[in-house]
Amino acid sequence: MVSLEKIAINEKILLLAYDQGLEHGPTDFNEHNADPNFILELAVKSGCSGVVFQKGIADKYYKGSIYQDTMPLVLKLNGKTNLVKDQDPYSPLLCTVDEAVSLGAKAVGYTIYVGSEFESKMTAEFSEVVRDAHAKSMPVVVWMYIRGKAVEGTLHQAHGREKLSSYAARMGLELGADVIKMYYPGDLESLSKVVDAAGKTKVIVSGGEKMEESAFLEFARLVMTAGAAGMAVGRNVWQRENALEVAKKLKQIIYAS
Ligand code: FBP
């Protein structure tokens, strides 16, 4: 099994996600967080265990910078915009594992839209990513996002969401992921089942849209009680005026759990 040491602290993972510029466009940003250096500084000062970038940001802001030795990079290998909405989602491979290595990455990330009509294309691409990354002893983080016409109805019923989330987690294990990043399945019992279904593969929970600070920190505490190994958070940290303070609080919650 590949060691998670490079992207974990005390076996816990706190990733600062910053691929929203591609996924959502620059509307997520303000005059501070639009600068990737702000994110890198925030990650280092707060003690995150890694940052998530697409290859363009990694090339222009990370590779060869002072951060390369201090903040592990998880290079996101696929991605898409949110502009095409009338079909099931497919996120194409945009970067290879070799490129990720040359950009200084310690791990790689890939999104699979579970339930999309293009799911099999993504599982096939992902299998090659796992093969190439593991050949270099690099951990692989998979974003298991349940999305598509085949699963829409089921996803909106609590029981259905729980079953789909456990299925997605098990898929991650079966496909060879070292870490599964998922949205909260709706309640703690379901999250515990997700963690069980993932077996030896670690589960980390996505932050999602910005919410009220105390509610978000309480959410993080709850997530950790259900056996998650950590979180991957973007907007709920770097969209705040007090981003560093919140990131430090989050770190306390995650690493102390
Ligand atoms: P946030 O914490 O900002 O939600 O980021 C987590 C993340 O998975 C990012 O890596 C990605 O850009 C984004 O969410 C995708 O969001 P969605 O597909 O839900 O719009």
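The values are calculated or read from the model by the stated rules, or taken from the named source; none is laboratory data. The model shown is predicted, which means the values in this text are computed figures rather than measured ones. Cβ: placed from backbone, ideal geometry, glycine included. Neighbour counts: every protein chain shown. The protein model used for the area step is the full one, side chains on, heavy atoms only, and it has no ligands, DNA or RNA in it. Shrake-Rupley method; radii C 1.70, N 1.55, O 1.52, S 1.80 Å.
Please compute the modelled spin-label separation between E41 and K80, points set 7 Å along Cα→Cβ, answer in nm with one decimal.
3.6 nm
What does the convex hull of the alpha-carbon atoms of the chain project to on average, in nm²? Each step should come with its number before you reach the end.
On the way: hull surface 49.0 nm².
Computing the convex hull of the Cα atoms and averaging its projections yields 12.2 nm².
Which parts of the stretch 10-43 would a label at K248 reach, counting a residue when its backbone N lies under 15 Å from a point 7 Å out along Cα-to-Cβ?
It comes to 42-43, nothing else.
State in Å² the accessible area per residue of the stretch 18-171; use a 1.4 Å probe, count heavy atoms of protein chains only, and round to the nearest integer.
Heavy-atom accessible area per residue stands at 46 Å².
Across the stretch 173-238, how large is the tail of the calculated P(r) beyond 14 Å, expressed as a percent of all Cα pairs?
Values: 1163 of 2145 pairs.
When every Cα pair of the stretch 173-238 is considered, 54 percent fall beyond 14 Å.
Take the cross-link list K136/K251; K200/K248; K163/K249; K12/K106 and give me the ones stretching past 26 Å between alpha-carbons. Please list the in-between numbers first.
Working: K136/K251 29 Å; K200/K248 28 Å; K163/K249 32 Å; K12/K106 16 Å.
Over 26 Å Cα-Cα: K136/K251; K200/K248; K163/K249.
Work out the charge dipole of the chain with +1 on the Cβ of Lys and Arg and -1 on the Cβ of Asp and Glu about the Cα centre, then indicate which of I254, S190, L244 is farthest towards its positive end.
I254
Leaving out ligands, DNA and RNA, what percent of the accessible area of the chain is carbon and sulfur, probe 1.4 Å?
Answer for the chain is 52 percent, counting heavy atoms of protein chains only.
Take the chain, mark every one of the GluC sites (Glu not before Pro) that falls in a DSSP loop and has at most 12 other Cβ within 10 Å, then report the longest stretch left between them, sites excluded.
By the stated rule (loop sites, at most 12 other Cβ atoms within 10 Å), 32-208.
Report, to one decimal in Å, the Kirkwood hydrodynamic radius for the stretch 88-220 based on all distinct Cα pairs.
Over the stretch 88-220, the inverse of the mean reciprocal pair distance is 15.4 Å.
Please find, in a Gaussian network model of the chain (springs between Cα atoms separated by less than 10 Å), the residue of Q87, Q54, Q68 whose mean-square fluctuation is greatest.
Q87
Round to the nearest 0.05 the FRET efficiency obtained for E174 and T96 when R0 = 22 Å and r is the Cβ-Cβ distance. List each step's numbers first, then the result.
On the way: r = 23 Å, r/R0 = 1.05.
In this case the efficiency is close to 0.45.
For the stretch 37-57 and the stretch 138-195, what is the separation of their Cα centres, given in Å?
26 Å
If amide H atoms are built 1.01 Å from N in the plane of the peptide, which residues on other chains or at least 5 residues away come under 5 Å of the amide H of T111?
Amide H to amide H, under 5 Å and 5 or more residues apart or across chains, T111 pairs with N78, W143.
Could you give me D for the stretch 1-149, from Stokes-Einstein at 25 °C and 0.890 mPa s, where the hydrodynamic radius is the Kirkwood radius over C-alpha pairs? Units µm² s⁻¹, please.
155 µm²/s
Probe 1.4 Å, all protein chains in place: accessible area of Y113 in Å², nearest 10?
Rounded to the nearest 10, that gives 10 Å².
May I ask for the Kirkwood hydrodynamic radius of the stretch 143-252, worked out over all distinct Cα pairs and given in angstroms to one decimal?
14.3 Å
So, with +1 on the Cβ of K and R and -1 on the Cβ of D and E, and no other charges, what is the size of the charge dipole of the chain about its Cα centre, to the nearest 20 debye?
400 debye
Kirkwood hydrodynamic radius, the stretch 206-257, all distinct C-alpha pairs: what's the number in Å?
10.9 Å
Before anything else, pin down the relative contact order of the stretch 119-257: Cα pairs under 8 Å, at least 6 apart, normalised by residue count, whole percent.
Taking the mean separation of contacting Cα pairs over the length of the stretch 119-257, I get 19 percent.
Quick one: 3J(HN,Hα) in Hz for the stretch 130-141, Karplus 6.51/-1.76/1.60 with θ = phi - 60°, rounded, Gly and Pro as x.
4, 4, 5, 5, 5, 5, 9, 6, 9, x, 10, 9
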